[in-house]
Amino acid sequence: MVDGGLHVGFLLTGLNGGGAERVMLNLAAALIARGHRADLVIPRFAGDYRAAIPSGMRVRRARIPGTDRKLLRAVQRAGVQVEATTVNPIGVARSWLVLGRKGLDLPVRRRHRVHAYATMIATYVCEARPHVLVSALPGADAAAVCAAELADRAVPVVVTAHNVPADYAPEWLAASRTLYPLADAVVAVSRGVAESVRRSLGVDAGRVRTIHNGVPVDSVRRLAQEDVAHPWFADGEPPVVLSVGRESPQKDHPTLVEAFGLARREADARLVILGKLSAPYRAGLKSLARSLGVEGDLGFVDFDENPYRYMRRAGLLALSSRWEGLPTVILEALACGTPVVSTDAPCGPREILGGWGDLPPVGDAPALARALAGTLRGERPTAEALRARAADFSEEKAADAYVALFEKLARR
């Protein structure tokens, strides 16, 4: 055990409503509950998450335009300390020279933002002296490694891979091949992602470890009891097929809508997609539903920081993704006792649902439709069995693994 507890700096590029961001904030909350210190270093203080930022966390944000003032006031009222930092242009220019000399001139279009964020992180390291930095998603991962180089490797860096690197944008894939091997450890959220990191990015196997995403089961179940105003979730209504996810080719909502149209011929049900979707994207899905004769059975709910209340009342959760790392949304649904149908997307769904739910092939609407219809007919495990499966991926188990890793690195 590190004397006085751990001090961990969490690095995110934003507070958008994604699974990776929620996983990191949940981990921070678990560390704080155990008496450790957790800071969030973030360039742009904006996004969807508010309640997910745990009380007791300290936030460093860049003093730049675009700060979400409503978010700032909300988290301050919740007891989160927020400090604004000015990013020094001279420091950013110096970072270009230092990193270029080290051969780390980033092959990304957003290199100026990465250099600015890395400079901000390096300043934080020198002033706060955390025991370890942990980052999530390619932009923050790149800035974390660059910041460690700027700070003369004064702090170990743990980058977390939440998807298979082959699915990164090309510029981030090139940057990750350069930078991931320089991290002190790479945490992959599933065994499949771990293998992809080793194979695609050339990271030494000894630096890669698998830590499954943890879900705060008790918190999810408590929040799931909150009321839902949407009339389709009321008692006596047809079962709802619920999808939770952002607008992205990865989530493949068109295949889900097509599959629902086929399943609707066999089962009385409705489809609700919960997430931040643009008006044109919704219109495209509505047009597809119209062509299938199910436009009246397709609905949308805007991003909600508490999707669990919808999950608990849904007939099933459907995930139609083309690829995933370890989808937290599946774990959250299981914690609510809700059955799940997911495509057999690389890499995470099978690690969670093997034997616990249907796994139709990616992009196969008829197979997905058969799985939806079968689950709606009651071909599924009991709610108690699903909740027990979620406990295998508890926040406590994930926090134990991260603490062990952080303490090992801090003692070096």
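Please verify whether the range 346-357 includes one or more residues that are among the basic types (Lys, Arg), part of a helix (DSSP H, G or I) and over 25 Å from VAL193 (Cβ atoms). So far as the range 346-357 goes, no, none of its residues is among the basic types (Lys, Arg), part of a helix (DSSP H, G or I) and over 25 Å from VAL193 (Cβ atoms). Residue pairs whose Cβ atoms lie under 9 Å apart, sitting 6 or more positions apart in sequence or on different chains, and linking a residue in the range 60-78 that is at positive phi to a partner that is surrounded by 14 or more Cβ atoms within 10 Å (Cβ to Cβ) and among the charged types (D, E, K, R), are GLY66/ARG44. Going by the conditions given, is VAL228 more than 18 Å from the chain's Cα centre (by Cα), in a loop (DSSP other than H, G, I, E, B), in the same structural domain as ALA174 (by TED's automatic domain parsing) and more than 27 Å from ALA367 (Cβ to Cβ)? No, not satisfied. Every listed requirement among (1) touching a residue at least 40 places away in the same chain (Cβ under 8 Å); (2) surrounded by fewer than 20 Cβ atoms within 10 Å (Cβ to Cβ) is met by LEU242 save one, (2). Of the listed requirements (1) buried (at least 20 other Cβ atoms within 10 Å of the Cβ); (2) more than 21 Å from the chain's Cα centre (by Cα); (3) part of a loop (DSSP other than H, G, I, E, B); (4) not small (Gly, Ala, Ser), VAL87 misses just one: (1). Taking the listed residues PRO249, PRO254, the one that is in contact (Cβ under 8 Å) with a residue 12 or more places away in the chain, surrounded by fewer than 21 Cβ atoms within 10 Å (Cβ to Cβ) and closer than 17 Å to GLY18 by Cα is PRO249, with no other qualifying.
Evaluating ALA267 against the criteria (1) outside any helix (DSSP H, G or I); (2) over 30 Å from LYS397 (Cα atoms); (3) hydrophobic (A, V, I, L, M, F, W, C); (4) at pLDDT 95 or above leaves one unmet condition, (4).
The values are calculated or read from the model by the stated rules, or taken from the named source; none is laboratory data. These figures come from a predicted structure and were not determined experimentally. Cβ: placed from backbone, ideal geometry, glycine included. Neighbour counts: every protein chain shown.
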